[in-house]
Amino acid sequence: MKAAAFAYARATSVGNALELLKAYGDRAKVLSGGQSLMPAMNLRLISPELIVDIGELAELRGIAVTGSVVRIGALTRHVDLLTSPEIAAHAPLLTEAISHVAHPAIRNRGTLGGSLAHADPASELPACMVALNATIIVRGQDGERRVAAGEFFKGIYETDLSARELLISVELPVAGKHSVHFFHEFARRHGDYAIAGLAAQAMVERDIFTDLRLVFFAVGDRPVLARAATKLVNITITPAVLAAACTALGEELDPQDDQQASAAMRRHLAKVLLARAASALLDRPDLNAGGRA
Amino acid sequence: MTITSSNPEILSELDRPNSYIGKSVPRPNLERLMQGRGLYVSDMELPRMGHVVFLRSPHAHARIAGIDAAAARSMPGVIAVVTGKELAAVITPWVGVLSHLKGLKSAPQHALAIDRVCWQGEAVAAIVATSRAVAEDAAEIVRVDYEELEAVTDMRTALDPATPVIHPALGDNLAFERNLDAGEVDAAFAGSDAVVEADFIFGRHTGVTLEPRSVVADWNAAEARLTIYQGTQAPHMVQNIAALHLGLEESQVRVVCKDVGGSFGIKVHIYADEMATYALSKLLRRPIKFVADRVESFNTDIHARDHRCWGRIGVKRDGSITAFEIDDLTGIGPYSMYPRTSAIEANQVVNLVGGPYVTRNYRARARVVFQNKNVMCQYRAVGHPIACSVTEGLVDLAAAKIGMDPVEIRRRNLIADNAYPCASPSGLRFELLSHHAAINKLMTMMDYDALRSEQATLRSNGIYRGIGIASFIEVTNPSAAFYGVGGAKISSQDGVAIRLDAQGSVICQTSITEQGQGSESLTAQIVGSVLGVSMERVRVILGDTDNTPYGGGTWASRGAGIGGEAALQAAKILRRNILDVAAAILQSSPAELDIADNAIVNAADGASRMELRELARIVYFRPDTLPPGVQPELMATRHFVPREYPFAFTNGVQASWLEVDTDTGFVRLLKHWVVEDCGTLINPQLVDEQIRGGVVQGLGAALFEKCVYDERGQLTNANMADYLVPMSGEMPDIDVGHVVSPTSETELGAKGAGEAGTAGAAAAVANAVNDALRPFGAVITEIPLTPQIILTALGRI
Ligand SMILES: Cc1cc2nc3c(=O)[nH]c(=O)nc-3n(C[C@H](O)[C@H](O)[C@H](O)COP(=O)(O)OP(=O)(O)OC[C@H]3O[C@@H](n4cnc5c(N)ncnc54)[C@H](O)[C@@H]3O)c2cc1C
């Protein structure tokens, strides 16, 4: 479990990092918090020729609120998201989700940019970005691109980023009036990647969803924005309505089998999450019938 | 916690005014470990040391057609690449059998595979380089040609005629079979009001140690002597076996074992890669270091508990159990492990099922089969979790069938506390157990009746909680009956040597070992108490075959009971010798004197007569002032081994309180209780820590841990992300209570406590899950109890 030999460069500026990435292409890897990259290298699952350490690029770090936008730099660590009053006020979904990401030692190093670029389909933060309608800002030799989070994740460990680009930051709309959120995941142990999880952001007016973004994770090759949510918007929710949404969700999802759970179990757990989310967001305990609704 | 000593006059040496016995004093090694001054083998560096990496088979079963290591050999930093054939010139193969396990067979195993690999992870070549990283680089370019062979993976079909025989010379894949038939089993079942049966399935799992297996072997050609630094539980066993297979005398092998980062039975065996490391040092004439990485630990550290056990129980309407019957099947990998063998766990299952109960009718069969998977062998509480889960699962099924409370059925069948000595149907002899006192204490600790009514109230609100109870017995303090009689050179006796130094401090050498469980502490507590010396003045030396008496080490919950007694007896002799000298100096008689607080005192009024420091000064530097004919002996040695009973059985009972989310299949552990009886408690805190740690490993088995193999014999979760060890976030509070029934085989009265927690934890959890699910009519007899299994049993998926 020792990484193969590699060259190491500590990038001095974003421009310098991009130059190195341009020269080496996919023979180079960006090092951010290292919590996913280093284990993969030590297991020799990957053996990059060059490591481009972006840790010193202060411009990639930090949380700023301007008007109706929260901007989070790629190097912002999980622990900083967890303790940020700005995030708690303007994107409380993230505050809640981040406590499910790994353990304190990992949260002290792992970064938002690393998590999004890594794109593990069981990861919490990519799903939150989709739920929050985030914009992901990417820079390459030819300048900056803005990608909607819903378009950014392409598959298991696959994103819209090319090997020659850097993820710079994300922008989130500030949570508005009537905005509520729900986050829950099923993991065998606290801090494990989820078997099934849900990040939800909604608008509720007079006990009715006027907007509902349900993003499931660990049930597909990327975060899944459920179309079934539309069945719950602008309608008075009865157990029958909820049951129809659960059925639609089951048909829409195409989860994988693995050691932790069969596809059938994941589908079942997603329905349980949907029912629990509706019940919690509307404060209607009668709706929580565990996906049997 | 109340402890009453049943024979205080015998315990006189320990009931001294400043006794440390029964006190939770901090361990003496704590500060050293907390300050990072532990002496772990993985930290060791020696001059000219080479690092070995083993190239391991990716196949479960394959012929080795060829190995091409030319490119690797020429890489900078590579010292050698050694194959099985080359290493066989230095080290002989072994066969893991014991003569008292009749019929047990196995095939010769080599330090490195020759011609054929029999499990995924078996080492085929050793790459030695100046660093681990360089050796790993070189390992990547060694080419091995494999011709894949059919892998035997399913234990249920291992004995079918159509299944290939892994070792053709053995004739079949059956390693061992034992049958037992006691009492009148058929008649008892025929006369029962109800008979219930079930298949119990146990996941293969392993002990995950914080420090992996580590060895530094240093062959000194000038002295013709091998020093082995190894994190092991049994240094003298390693010494014996290394010498035997390297063609050396034991005096040519020294084994040093200081701190060990966890063992749990994983480090009490002889592993092929460790043997290869010793041999490589001899072959290459330099120190060689092997530290297993996590992936190879999962693939090569012994696994345990892979059992499928059918069981049946007969019961009368009044709750009396009429008979037990079991048929156990276990797959142990391709070789019986050396030298303790892989038949012990199944043998223990046969021994222990039904053990807490009075019924005399018991029939059992156990079969142990070979497979192309990693080797299985003894891990903490060998066989006990299987036997306890089967027995206690059946008892709960019987209780449910006749509509009786699980506690009540146990009370009606547990052996009475005044029935001892007695024996089990399988022939186990019990000196003194306390099942009823233990269950009574448990009822109070958990407030059983209140918990039952809370359970009923919550159930009507759709919250499903369960209570599970598991009584158990536990093998501790083994005599030679375990291994010695079967021909293994594994000592069941231990020795302790104690001396007073020239300033009146005490140096104590013991053959038991420290794995973090507190051997050092309990030895110092006993010695300090008997001698009247404060613990800070007792220095304990362990883990060095050159510098300790000969003995067994750590296994089968034996250190305190056996090594502790040797320490007590040695300290008594030294105390007498000191008092003899003191009487001569003070012109008194030994009977009028005592030792307390590091000084000779008057026995009658406790008045101080002379510091031990002063006595030591006179003895060592002014012997000319002693009366003629007085020759002080300020060093004493004693050995001890139990002779009357083959094992000192302990007993106890555990309970689990948990909640099942019936929508998701997730189990939340709310509380766990243990009442156990390990006889004299030397250090209650250390005992409680042992119990809790053991319980957590049992809870791991119940809910999380499993080595998942596919049908081709590939271990698919050999990493810490996919193999789920229990973590603190999911663990409940664990309350521990004690009943104290000392063994009268020793003056100390201590029995073992290291494995009791593991013995019954999974059984309690499984019973609690079934109790929670009773309204749904679901019964689950498989562990780990994963959400997938629970949801399936509930018909939700
Ligand atoms: C034991 C353990 C448990 C974990 N549990 C969870 C969990 O429950 N949920 C979860 O979401 N995560 C979990 N993680 C992963 C953790 O959150 C990581 O921190 C995260 O996935 C990656 O962030 P990082 O900063 O460490 O990235 P790194 O490991 O440094 O990089 C990850 C990948 O992203 C690329 N990359 C990083 N930054 C950029 C950038 N700015 N631009 C372009 N590419 C970039 C790297 O080249 C690399 O390929 C766990 C990790 C461990 C070790």
Quick one: is A:G55 near the ligand (Cβ under 8 Å from one of its atoms), small (G, A, S) and either outside any strand (DSSP E or B) or within 14 Å of chain B (Cβ to nearest Cβ) (or both)? no
Looking at segment A:22-42 only, could you name the residues that are within 9 Å of the ligand (Cβ to nearest atom) and in contact (Cβ under 8 Å) with a residue 40 or more places away in the chain? A:A28, A:V30, A:S32, A:G33, A:G34, A:Q35, A:S36, A:L37
Could you list all residues from segment A:210-236 that are crowded, with 22+ Cβ neighbours inside 10 Å and over 22 Å from A:E158 (Cβ atoms)? A:L212, A:L214, A:A228, A:A229, A:L232
Of the residues that sit in segment B:403-429 and are of a type in the set (S, T, N, Q) and in contact with a strand residue (DSSP E or B) (Cβ under 9 Å, 6 or more places away or on another chain), which one is surrounded by the fewest Cβ atoms within 10 Å (Cβ to Cβ)? B:S426
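Out of A:L45, A:L75, I need the residue that is within 12 Å of the ligand (Cβ to nearest atom), part of a loop (DSSP other than H, G, I, E, B) and exposed (fewer than 15 other Cβ atoms within 10 Å of the Cβ). Which one?
A:L45
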Give segment B:719-733 a look and list any residue that's part of a loop (DSSP other than H, G, I, E, B) and hydroxyl-bearing (S, T, Y), or say none. B:Y723
Residues satisfying the stated conditions in segment B:688-704, i.e. in contact with a Ser or Thr (Cβ under 9 Å, 6 or more places away or on another chain) and either surrounded by fewer than 24 Cβ atoms within 10 Å (Cβ to Cβ) or more than 14 Å from every other protein chain (Cβ to nearest Cβ) (or both): B:D688, B:Q690, B:G693, B:G694, B:V695, B:V696, B:Q697, B:G698, B:A701, B:F704
Just the residues that are out of contact with any strand residue (DSSP E or B) (no Cβ under 6 Å at 6 or more places or on another chain) and under 16 Å from A:H100 (Cα atoms), please, taken from segment A:55-86. A:H78, A:V79, A:D80, A:L81, A:L82, A:T83
Check every one of the strands (runs of 3 or more DSSP E) wholly within segment B:606-685 and list those with 3 or more residues that are within 14 Å of chain A (Cβ to nearest Cβ). B:667-677
List the strands (runs of 3 or more DSSP E) that sit entirely inside segment B:283-372 and contain at least 3 residues that are among the acidic types (D, E) and away from chain A (no Cβ under 14 Å). B:321-331
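Hey, can you tell me all the residues within segment A:171-186 that are away from chain B (no Cβ under 14 Å) and either within 24 Å of A:V147 (Cβ to Cβ) or touching a residue at least 60 places away in the same chain (Cβ under 8 Å) (or both)?
A:E171, A:L172, A:P173, A:V174, A:A175, A:G176, A:S179, A:V180, A:H181, A:F182, A:F183
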If you scan segment A:171-201, which residues turn out to be assigned to a loop (DSSP other than H, G, I, E, B), more than 10 Å from the ligand (Cβ to nearest atom) and under 20 Å from A:L81 (Cα atoms)? A:V174, A:A175, A:G176
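Within segment A:137-147, does at least one residue satisfy the condition of being within 12 Å of the ligand (Cβ to nearest atom) and among the aliphatic types (A, V, I, L, M)?
Yes: segment A:137-147 contains one or more residues that are within 12 Å of the ligand (Cβ to nearest atom) and among the aliphatic types (A, V, I, L, M).
Is segment B:430-452 home to any residue that is more than 31 Å from the chain's Cα centre (by Cα), open to solvent by 20 Å² or more (accessible area, probe 1.4 Å) and small (G, A, S)?
Yes, that holds for at least one residue.
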Meets criteria (on the phi > 0 side of the Ramachandran plot, open to solvent by 30 Å² or more (accessible area, probe 1.4 Å) and of a type outside the set (D, E)) for B:G191: no
Regarding A:A64, is this residue more than 15 Å from the ligand (Cβ to nearest atom), outside any loop (DSSP other than H, G, I, E, B) and not β-branched (V, I, T)? yes
Could you list all residues from segment A:10-37 that are open to solvent by 20 Å² or more (accessible area, probe 1.4 Å) and either under 30 Å from B:S297 (Cβ atoms) or in contact with a helix residue (DSSP H, G or I) (Cβ under 8 Å, 6 or more places away or on another chain) (or both)? A:K29, A:V30, A:L31, A:S32, A:Q35, A:S36, A:L37
Is it the case, given these coordinates, that A:T95 is within 13 Å of the ligand (Cβ to nearest atom) and of a type in the set (S, T, N, Q)? no
With (1) open to solvent by 10 Å² or more (accessible area, probe 1.4 Å); (2) among the aromatic types (F, W, Y); (3) farther than 21 Å from B:A701 by Cα as the list, and B:F290 as the residue in question, which single condition is left unmet? (1)
Just one of A:R189, A:R146 is under 25 Å from A:V30 (Cα atoms) and either open to solvent by 10 Å² or more (accessible area, probe 1.4 Å) or within 14 Å of another protein chain (Cβ to nearest Cβ) (or both); which is it? A:R146
Anything in segment B:745-797 that is under 29 Å from the mean Cα position of the chain (by Cα), part of a loop (DSSP other than H, G, I, E, B), farther than 22 Å from B:S479 by Cα and away from chain A (no Cβ under 14 Å)? List them, or say none. B:I780, B:T781
Scope segment B:762-781; condition closer than 15 Å to B:R452 by Cβ, of a type outside the set (G, A, S) and crowded, with 21+ Cβ neighbours inside 10 Å; matching residues: B:N767, B:D771
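Of the residues that sit in segment B:293-318 and are closer than 28 Å to B:A399 by Cβ and out of contact with any strand residue (DSSP E or B) (no Cβ under 7 Å at 6 or more places or on another chain), which one is most open to solvent (accessible area, probe 1.4 Å)?
Top of the filtered list is B:R317.
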Need the failing condition index for B:D115 against (1) on the phi > 0 side of the Ramachandran plot; (2) free of Cβ contacts under 8 Å to residues at least 24 places away in the same chain, just the number. (2)
Strands (runs of 3 or more DSSP E) wholly inside segment B:201-265 containing at least 3 residues that are of a type in the set (V, I, T): B:253-256
Tally, over segment B:341-389, of residues that are closer than 30 Å to B:S57 by Cα, open to solvent by less than 10 Å² (accessible area, probe 1.4 Å) and among the β-branched types (V, I, T): 5
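To keep it simple, each residue is scored yes or no on (1) in contact (Cβ under 8 Å) with a residue 60 or more places away in the chain; (2) within 14 Å of another protein chain (Cβ to nearest Cβ); (3) away from the ligand (no atom under 11 Å from the Cβ).
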| residue | (1), (2), (3) |
| --- | --- |
| A:V79 | no, no, no |
| A:E86 | no, no, yes |
| A:S99 | no, yes, no |
| A:A102 | yes, yes, no |
| A:I106 | yes, yes, no |
| A:G114 | yes, no, no |
| A:A127 | yes, no, no |
| A:V130 | yes, no, yes |
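The values are calculated or read from the model by the stated rules, or taken from the named source; none is laboratory data. Computed from a prediction, not measured in an experiment: that's the story for all the values here. Because the Cβ atoms are built from the backbone with ideal geometry, glycine has one as well, and the counts that use them run over all protein chains shown. We work out accessible area using only protein heavy atoms, side chains counted, and drop any ligands, DNA or RNA first. Shrake-Rupley method; radii C 1.70, N 1.55, O 1.52, S 1.80 Å.
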